[in-house]
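Asks: Here it is, the structure, as structure tokens.
The values are calculated or read from the model by the stated rules, or taken from the named source; none is laboratory data. Predicted, not measured: the structure shown is a model, and the values here were computed from it. Glycine also receives a Cβ, built like all others from the backbone with ideal geometry; neighbour counts cover every protein chain displayed.
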Amino acid sequence: MPIADIVHLSKRSKRAVQNVLATYRDYGQPINPFTRPCGRKRILERDDLNYLEGIITAEPALYLDKIQDKLREIRDVEVSLATLSRTLAHLAVTHKHIAKEASERNELLRATWQVVMGQYEPRQIVCIDEAGVDDHTNIRRSGWAPLGQACVWWTSFLRGRKYSILPALSLDGLLTLDIFEGSVNRERFIGFLRNSLAPHLNPYPMDRSVVIMDNCSIHHDNDIRQVIEIEWAKLVYLPPYSPDFNPIEECFSFMKAWLRRHERAPRAAAL
């Protein structure tokens, strides 16, 4: 390739390109291996950095001082916390909130479930689940405060009365729902299926003929399956620890966001 083309593509001067080419002809690499490196020698070598990245991948919740200890014990490298922090920043590794996932979640089961669900049409699916709200549900998760000060909202730690909601969601929206005080138990759940959901179900493969619910223990009951199958509909359980596969969770998220926006004024505002 002509030097003029290299200059154009690399956006470097002609002299710089000629120097690099001369070095490559002499040493077989673009950098002179006998040139003394400029600046202070780095404490952490490439192998140390590889080990550091491995630590972060294996144990992302480690404190800096624990990472420091591991480098000292395994790599025999003594490094300050400040240097370690700068090194992580140089590696584009930042400290984040941890996204928790259940170790019991089975990705093979989740993938298999997705393949099975691919045989059903959206119009056939009815999703059900339960959710609970109390006085803590409407507590907002973020707020405003002056720089350097904590955002404090004085509120009661008492949860108050708990209410539960049992809805059924189809492609057309909510089919039915039940709201009551207290928690969902087996009797209430079966009563909801029999009295509220069953009248909306149709024999498979008609619309609203595949019922999806999560894998919790109270849902694995012969009476529950009987209520669904007596309508000639199908019952499909979500794979373990996979609420993200149930579209009704989006409804619950919207509902709780609405409650937080329209919460009662905090007691401190009235003082």
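Asks: Check Arg110, Arg105, Arg140, Arg123 and return the single one that is in contact (Cβ under 8 Å) with a residue 40 or more places away in the chain, under 30 Å from Leu201 (Cα atoms) and out of contact with any strand residue (DSSP E or B) (no Cβ under 9 Å at 6 or more places or on another chain).
Replies: Working: Arg105 fails: under 30 Å from Leu201 (Cα atoms); Arg140 fails: under 30 Å from Leu201 (Cα atoms); Arg123 fails: out of contact with any strand residue (DSSP E or B) (no Cβ under 9 Å at 6 or more places or on another chain).
Being in contact (Cβ under 8 Å) with a residue 40 or more places away in the chain, under 30 Å from Leu201 (Cα atoms) and out of contact with any strand residue (DSSP E or B) (no Cβ under 9 Å at 6 or more places or on another chain) holds for just one of Arg110, Arg105, Arg140, Arg123, which is Arg110.
Asks: Moving on. Tell me, which residue of the stretch 246-271 that is hydrophobic (A, V, I, L, M, F, W, C) and in contact with a Pro (Cβ under 7 Å, 6 or more places away or on another chain) is modelled with the lowest pLDDT? Can you show your working first?
Replies: Quick first cut of the stretch 246-271, residues hydrophobic (A, V, I, L, M, F, W, C) only: 248, 251-252, 254-255, 257-259, 265, 268-271.
Now narrow it down to the ones that are in contact with a Pro (Cβ under 7 Å, 6 or more places away or on another chain): 248, 251.
On the way: Ile248: 94, Cys251: 91.
Filtering first and then ranking leaves Cys251.
Asks: Which of the numbered conditions does Asn19 fail, given that it passes all the others? Conditions: (1) of a type outside the set (Phe, Trp, Tyr); (2) part of a helix (DSSP H, G or I); (3) under 29 Å from His97 (Cβ atoms).
Replies: (3)
Residue-by-condition table, conditions (1) out of contact with any Ser or Thr (no Cβ under 6 Å at 6 or more places or on another chain); (2) surrounded by 13 or more Cβ atoms within 10 Å (Cβ to Cβ); (3) closer than 29 Å to Pro239 by Cβ; (4) of a type in the set (A, V, I, L, M, F, W, C):
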{"site": "His95", "(1), (2), (3), (4)": "yes, no, no, no"}
{"site": "Lys100", "(1), (2), (3), (4)": "yes, no, yes, no"}
{"site": "Glu107", "(1), (2), (3), (4)": "yes, no, yes, no"}
{"site": "Val115", "(1), (2), (3), (4)": "yes, no, yes, yes"}
{"site": "Gly118", "(1), (2), (3), (4)": "yes, no, yes, no"}
{"site": "Glu121", "(1), (2), (3), (4)": "yes, no, yes, no"}
{"site": "Trp153", "(1), (2), (3), (4)": "yes, no, no, yes"}
{"site": "Arg186", "(1), (2), (3), (4)": "yes, yes, yes, no"}
{"site": "Arg194", "(1), (2), (3), (4)": "yes, yes, yes, no"}
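Asks: Looking at Ala111, Ala150, Ala145 in this structure, which one is outside any loop (DSSP other than H, G, I, E, B) and not assigned by the TED database to the domain that holds Glu59?
Replies: Ala111
Asks: Looking only at the stretch 184-208, how many residues end up being part of a loop (DSSP other than H, G, I, E, B) and either among the β-branched types (Val, Ile, Thr) or within 31 Å of the chain's Cα centre (by Cα) (or both)?
Replies: Taking the stretch 184-208 as the starting set, the residues that turn out to be part of a loop (DSSP other than H, G, I, E, B) are 184-185, 201-208.
Now narrow it down to the ones that are either among the β-branched types (Val, Ile, Thr) or within 31 Å of the chain's Cα centre (by Cα) (or both): 184-185, 208.
Of the residues in the stretch 184-208, 3 are part of a loop (DSSP other than H, G, I, E, B) and either among the β-branched types (Val, Ile, Thr) or within 31 Å of the chain's Cα centre (by Cα) (or both).
Asks: Are any residues in the stretch 30-48 loosely packed, with under 10 Cβ neighbours inside 10 Å and modelled with pLDDT of 80 or more, and if so, which ones?
Replies: Pass one, the stretch 30-48, residues loosely packed, with under 10 Cβ neighbours inside 10 Å: 33-41, 46.
If the condition is that a residue be loosely packed, with under 10 Cβ neighbours inside 10 Å and modelled with pLDDT of 80 or more, then Arg46 is the only one that fits.
Asks: Further question: I want to confirm something. Restricting to the stretch 7-29 and keeping residues that are of a type in the set (Lys, Arg) and surrounded by 10 or more Cβ atoms within 10 Å (Cβ to Cβ), which single residue is modelled with the lowest pLDDT?
Replies: Taking the stretch 7-29 and keeping what is of a type in the set (Lys, Arg), we get 11-12, 14-15, 25.
Keeping just the survivors that are surrounded by 10 or more Cβ atoms within 10 Å (Cβ to Cβ) gives 12, 14.
Values: Arg12: 84, Lys14: 87.
Only one residue fits best here, namely Arg12.
Asks: Moving on to the next point. Look at Tyr63 and say whether it is touching a residue at least 24 places away in the same chain (Cβ under 8 Å) and hydroxyl-bearing (Ser, Thr, Tyr).
Replies: Values: touching a residue at least 24 places away in the same chain (Cβ under 8 Å): no; hydroxyl-bearing (Ser, Thr, Tyr): yes.
So Tyr63 fails the test.
Asks: Being in contact with a helix residue (DSSP H, G or I) (Cβ under 8 Å, 6 or more places away or on another chain) and at pLDDT below 85 is the filter here; which residues of the stretch 105-155 pass it?
Replies: Within the stretch 105-155, Thr137, Asn138, Ile139, Arg140, Arg141, Trp153, Trp154, Thr155 meet the criteria.
Asks: A follow-up question, please. For Lys66, only one of the following conditions fails: (1) at positive phi; (2) assigned to a helix (DSSP H, G or I); (3) not polar (S, T, N, Q). What is its number?
Replies: So Lys66 meets the others, but not (1).
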